[in-house]
Amino acid sequence: MEKLLRSRDLDESVVADEIARLERVGLLDDSELAATLVRSKQERKGLGRGAVTSELRARGIDASIIDEALSDTDDDEEQERADEWARKRAGSLRGLDRETAERRLNGYLMRRGYRSEVVRRAIEKALPRGGSGRGGVRFE
């Protein structure tokens, strides 16, 4: 908000007064914004911790506020979200050899902001080993 007001060539005292007023009335609260964005990005968009952190940083939110907002993030829930996205995406990888399917699924989940260990587990669940040994991916 401060950047926006300054871009309008307003006097510094006007900018400071307006920022203080917005904070007083509760319309400018980085902690609340961060908490809301974490819920939104994880629950609605299915993004992992890394992508959410990047989004909050891009909005200029302080690192300590980001850490606080992400402190309630449950690792099991994040794994479940990654597993769900991996299962959905695995359907479009039918017919590819396992190595290619793993590589594409890995890239997809990493771009969604999931950590490598979460991605690895999700891939193992979505692309189970076994089958005919012909090199194709077995889907259930």
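The values are calculated or read from the model by the stated rules, or taken from the named source; none is laboratory data. As the structure is a prediction and not an experimental result, all values here were calculated from the model. We place every Cβ from the backbone using ideal geometry, glycine too, and count neighbours over all the protein chains shown. Protein only, heavy atoms only, side chains kept; ligands, DNA and RNA dropped before computing areas. Shrake-Rupley method; radii C 1.70, N 1.55, O 1.52, S 1.80 Å.
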Taking r as the C-beta separation of E117 and E32 and R0 as 35 Å, the FRET efficiency to the nearest 0.05 is 0.70
Rule-of-thumb Rg ratio for the chain [Cα; 2.2 N^0.38 Å; N residues]: 1.46
Pop a pseudo-label 7 angstrom from the Cα along the beta-carbon direction at both E77 and S54 and give the gap in nm to one decimal. 2.2
Which of the lysines could a cross-linker bridge to K125, judged by Cα under 24 Å and excluding same-chain residues fewer than eight apart? K41, K45, K88
Using 0.36 nm times the number of residues separating D9 and R129, minus their current alpha carbon distance, what extension gain do you get? 37.0 nm
Not counting ligands, DNA or RNA, and with a 1.4 Å probe, what is D74's accessible surface area in Å² rounded to the nearest 10? 60
